[in-house]
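Novice: What follows is a structure written as structure tokens; I'll ask about it next.
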Amino acid sequence: MTLNVALIAESFDRAKKENGGLRTLGLRFYERLFEKYPSVRHLFTAPPEEQHKKLMASVGAIVASVTNPEVMLPYLRAMGIRHIAYKTENGHYGAVAENLVAVLDEHLSKEGEWTDEMKANWEEALQIISEVMIDAAAHPEQYETELTAAGYQADGFKSNNAKPWELVIS
Ligand code: HEM
């Protein structure tokens with residue numbers, strides 16, 4: 001399927017405004033993730049209050065850079081490589097994607113519509129994101145030049161304590 005990028009961006013914009021915004025969505029994401037997939041809980045050590053802001057910042061960054069692959073790809077690859085340190089397994093990506101789609105459904109159904117088309121597009125986008133992250137984590141050496149050029153270290157982090165989940169598009 002061809003990704004309907006505008007529909008994804010539009011629904012994420014709605015998520016910011018509706019039902020308590022990204023804070024509600026982000027906190028619900030972790031609440032549901034740990035309920036439904038208790039085996040991943042031990043991987044998360046940062047408090048949910050910090051966690052949800054980082055996750056939502058990264059989803060926002062992905063949505064903002066989606067038409068700009070030369071920015072988005074190194075961003076996603078660096079994120080995939082950072083997840084090696086978080087002990088993420090490839091099999092967890094399906095759970096995270098299922099969970100994000102489910103909480104988006106809950107969130108956007110409160111004040112408006114959540115359609116099958118939105119669901120299909122978010123699923124497809126998350127599939128692509130997961131594939132790029134998993135591939136980079138499997139072959140980090142292959143992407144070293146690209147990541148260095150984009151300002152990331154070999155471990156996917158940035159120097160000077162810069163927050164790698166925040167994306168500044170210049
Ligand atoms: C769509 C895919 C994913 C996205 C966009 C995403 C995003 C993020 C972001 C932005 C961070 C903050 C730290 C950083 O940027 O390095 C993070 C941390 C983390 N992620 Fe993910 N992630 C994804 C998939 C997963 C999966 C599949 C798992 C496995 C359960 C996972 C587990 C973790 C853990 C354990 C941390 C560190 C938490 C801590 O510091 O306590 N992530 N993720």
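The values are calculated or read from the model by the stated rules, or taken from the named source; none is laboratory data. Quick caveat: nothing in here was measured; it's all calculated off a predicted structure. Neighbour counts run over all protein chains shown; Cβ positions are idealised from the backbone, glycine included.
Let's see how each residue does on (1) closer than 14 Å to L126 by Cβ; (2) surrounded by 13 or more Cβ atoms within 10 Å (Cβ to Cβ):
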{"site": "A61", "(1), (2)": "no, yes"}
{"site": "V66", "(1), (2)": "yes, yes"}
{"site": "V96", "(1), (2)": "yes, yes"}
{"site": "L104", "(1), (2)": "yes, yes"}
{"site": "K110", "(1), (2)": "no, no"}
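Novice: Something else about it: Filter the stretch 1-21 for residues that are over 19 Å from L55 (Cα atoms) and exposed (fewer than 12 other Cβ atoms within 10 Å of the Cβ); which is modelled with the highest pLDDT?
Specialist: A6
Novice: Right, another one. Do we have L33 as within 14 Å of the ligand (Cβ to nearest atom) and of a type in the set (A, V, I, L, M) here?
Specialist: Yes.
Novice: Which number in (1) of a type outside the set (K, R); (2) closer than 17 Å to M133 by Cβ; (3) not in a helix (DSSP H, G or I) marks the one condition that M1 misses?
Specialist: In the conditions (1) of a type outside the set (K, R); (2) closer than 17 Å to M133 by Cβ; (3) not in a helix (DSSP H, G or I), M1 misses (2) alone.
Novice: To continue, here is another question. So is E49 modelled with pLDDT of 95 or more, more than 9 Å from the ligand (Cβ to nearest atom) and of a type outside the set (K, R) or not?
Specialist: no
Novice: Sticking with this structure for a sec: Being closer than 19 Å to Y93 by Cβ and in contact (Cβ under 8 Å) with a residue 12 or more places away in the chain: is that true of V71 here?
Specialist: no
Novice: Would you please list the contacts, defined by Cβ atoms under 6 Å and residues six or more apart or on different chains, that run from a residue in the stretch 94-123 that is in contact (Cβ under 8 Å) with a residue 24 or more places away in the chain to a residue that is acidic (D, E) and not in a helix (DSSP H, G or I)?
Specialist: E111/E18
Novice: Further, regarding this structure: How many residues, within the stretch 136-147, are surrounded by fewer than 17 Cβ atoms within 10 Å (Cβ to Cβ) and in a helix (DSSP H, G or I)?
Specialist: Final tally of qualifying residues: 6.
Novice: Filter the stretch 1-42 for residues that are in contact with a Lys or Arg (Cβ under 7 Å, 6 or more places away or on another chain) and charged (D, E, K, R) and give the result.
Specialist: E18
A quick yes/no check of all residues on (1) farther than 20 Å from I8 by Cα; (2) near the ligand (Cβ under 8 Å from one of its atoms); (3) at pLDDT 95 or above:
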position: L73; (1), (2), (3): no, no, yes
position: I81; (1), (2), (3): yes, no, yes
position: Y86; (1), (2), (3): yes, yes, yes
position: A102; (1), (2), (3): no, no, yes
position: E106; (1), (2), (3): no, no, yes
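Novice: From the list P47, P74, exactly one residue is surrounded by fewer than 15 Cβ atoms within 10 Å (Cβ to Cβ) and of a type outside the set (S, T, Y). Which is it?
Specialist: None of the other options fit; the residue is P47.
Novice: Going residue by residue through the stretch 115-135, is there one that turns out to be more than 14 Å from the ligand (Cβ to nearest atom), in a helix (DSSP H, G or I) and exposed (fewer than 14 other Cβ atoms within 10 Å of the Cβ)?
Specialist: Yes, the stretch 115-135 contains at least one residue that is more than 14 Å from the ligand (Cβ to nearest atom), in a helix (DSSP H, G or I) and exposed (fewer than 14 other Cβ atoms within 10 Å of the Cβ).
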